[in-house]
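No value in this document is a laboratory result; all are computed from the given coordinates. Keep in mind that what you see is a predicted model, and the values were worked out from it rather than measured. All Cβ positions, glycine included, derive from the backbone under ideal geometry; neighbour counts span all protein chains shown.
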Amino acid sequence: MIKTEKYWEDEAGHMVRGEIKSSGLDYNILSEELLKMGVNKNPECLRLAIRRGKFPFKLFLQIQAASKRYKMKRAESYNVEH
């Protein structure tokens with residue numbers, strides 16, 4: 001069965017939303033984390049692009065990097081508190 005472009009856009013959006021959710025990010029925090037990396041994206045634009053599944057692959061990689069960085073920061077702060 002041939003997959004449509006819409007199918008792949010939906011899959012991309014699901015993958016990114018899953019990454020965001022699993023790391024404890026929301027779009028505001030994601031926007032802040034991306035800005036720390038030099039990527040200026042406002043939360044609403046991120047939400048819309050991800051919902052549509054239409055975003056450049058570099059943004060996908062940037063979101064993964066921001067997510068990883070945020071998870072590490074949360075783990076470090078948890079370890080300090082406990």
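Summary of values
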read-out	value
Whole-number percent relative contact order across the chain, with pairs defined as alpha carbons under 8 Å at least 6 apart	39 percent
Rough spin-label spacing in nm, given labels placed 7 Å along Cα→Cβ, for E11 and N42	3.3 nm
Estimated D of the chain in µm² per second, where Rh is the Kirkwood radius over Cα pairs and Stokes-Einstein applies at 10 °C, 1.306 mPa s	119 µm²/s
